[in-house]
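Notes for the one structure printed next.
The values are calculated or read from the model by the stated rules, or taken from the named source; none is laboratory data. Please read all numbers here as calculations on a predicted model, not as lab measurements. Note that we place each Cβ from the backbone using ideal geometry, even for glycine, and neighbour counts take in every protein chain shown.
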Amino acid sequence: MTLPALAATEWLNSEPLGRDELRGRVVLVNFWTWTCINWLRQEPYVRAWSQAYREDGLVVIGVHTPEFSFEHDIEGVRRATRERGIDYPVAVDNDYDIWNAFANRYWPALYFLDGDGHFRDQHFGEGRYEQSERTIQRLLGIEREHVSVEGVGVEAPADWDHLRTPETYLGYLRGDSSGNLSGAWTVGAENVTLQEAGGSITFPFHARDAHLVLSAGSRGPIPFRIRLDGEPPGPSHGGDVDADGAGVLREGRMYQLVRTHDTVRDRTLEITFLEPGAEAYAFTFG
């Protein structure tokens, strides 16, 4: 198989790229969507490879294919690109044309192509970083020490030894009954939406980190608070809340609610929204 047409909705950081522009270059195509925790933890490596091997002939192309409806917002893709420090070309794939051309089914996904545009390797999900970097070096015809990568914040590696709670969707298409809704919620295909202030979601989990994909929809900023086992999180607060558990939902993205500072154990997370309009999509853990 050779490189298909890259029929993007829009290009960021680059003019449109295709077979002619990429001829003779080793290409790494990375499918991503900005709310995906697995991509966020992979991205430091992709970013480092782009910077380390650009002068050797590597072109990294990020293909942003949305998972949730609000991720079709191109301004949101631009914001995520800036926040993650992505300076390589990004193809906005709102119509899933590139996704379908690759027959891709996963976020994140890596596809490695040689200078003739032939597929030489692929990998889905996190991990396998040393092998992926060896593939890049082999296709470039070079050999040197691998780059040093350290993810911080939401990009930090998961605590796999203590991660026991899987990603959980809240909409009826892929949701389950793990979470308990309190208040006036409407359950939709991909999310639950709060109709009146004061609604909450309670969720048991066992992991170091707890995140929730949220959107304010057409509403303004929506304040929220979390409780961990009925108490403010204190030093176990995530990056998007303070020690008292207070946070604000502004833009649609993944919010880090908990980063456990001590022993990982069975916990119960409760998040309460102080204004209506919050849309909750999926819990993820790390």
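A search for C-beta distances below 7 Å between a residue of the stretch 98-126 that is without any contact (Cβ under 8 Å) to a residue 24 or more places away in the chain and any residue that is assigned to a loop (DSSP other than H, G, I, E, B) and not charged (D, E, K, R), counting only pairs 6+ apart in sequence or on different chains, returns F124/Y106. Scanning the stretch 129-152 finds no residues that are closer than 30 Å to T260 by Cβ and among the basic types (K, R). Looking only at the stretch 83-91, decide whether some residue is closer than 20 Å to Y255 by Cβ and among the acidic types (D, E). Yes, the stretch 83-91 contains a residue that is closer than 20 Å to Y255 by Cβ and among the acidic types (D, E).
Can you tell me which residues in the stretch 1-50 are aliphatic (A, V, I, L, M) and part of a loop (DSSP other than H, G, I, E, B)? Steps first, answer last, please.
Residues of the stretch 1-50 aliphatic (A, V, I, L, M): 1, 3, 5-8, 12, 17, 22, 26-29, 37, 40, 46, 48.
Across the stretch 1-50, the qualifying residues are M1, L3, A5, L6, A7, A8, L17.
State all residues of the stretch 83-111 that are in a loop (DSSP other than H, G, I, E, B) and hydroxyl-bearing (S, T, Y); if no residue qualifies, say none. Those that are in a loop (DSSP other than H, G, I, E, B) and hydroxyl-bearing (S, T, Y): Y88, Y96, Y106. State yes or no: is L170 touching a Lys or Arg at 6+ places or on another chain (Cβ under 9 Å) and either among the charged types (D, E, K, R) or touching a residue at least 24 places away in the same chain (Cβ under 8 Å) (or both)? No; evaluated as a whole, the condition is false for this residue. Filtering the stretch 199-249 to residues that are touching a residue at least 24 places away in the same chain (Cβ under 8 Å), over 20 Å from A184 (Cα atoms) and crowded, with 19+ Cβ neighbours inside 10 Å leaves F205, A207, R208, D209, A210, H211, L228, P233, S236, G238, G247. If you go through the stretch 106-137 and keep only what is farther than 26 Å from A156 by Cβ and among the basic types (K, R), you end up with just R120. When the stretch 47-62 is filtered for residues that are hydrophobic (A, V, I, L, M, F, W, C) and either surrounded by fewer than 23 Cβ atoms within 10 Å (Cβ to Cβ) or free of Cβ contacts under 8 Å to residues at least 24 places away in the same chain (or both), the ones remaining, listed by number, are A48, A52, L58, V59. On the stretch given as the stretch 3-60, residues that are closer than 28 Å to R144 by Cα and among the hydroxyl-bearing types (S, T, Y) total 3. So, of the residues in the stretch 121-150 that are small (G, A, S), out of contact with any Phe, Trp or Tyr (no Cβ under 7 Å at 6 or more places or on another chain) and surrounded by fewer than 16 Cβ atoms within 10 Å (Cβ to Cβ), which turns out to be nearest to N104 (Cα to Cα)? Filtering first and then ranking leaves G127.
Determine whether A80 is more than 11 Å from the chain's Cα centre (by Cα) and in a helix (DSSP H, G or I). The answer is no for A80.
Within the stretch 72-90, being touching a helix residue (DSSP H, G or I) at 6+ places or on another chain (Cβ under 6 Å) and surrounded by 21 or more Cβ atoms within 10 Å (Cβ to Cβ) holds for Y88, V90.
The lone criterion from (1) farther than 27 Å from E190 by Cα; (2) not assigned by TED's automatic domain parsing to the domain that holds F102 left unmet by G117 is number (2). Identification of strands (runs of 3 or more DSSP E) wholly contained in the stretch 176-279 with 2 or more residues that are within 30 Å of P157 (Cβ to Cβ) and at pLDDT 95 or above yields 200-205, 209-215, 222-228, 246-249, 253-259, 267-273.
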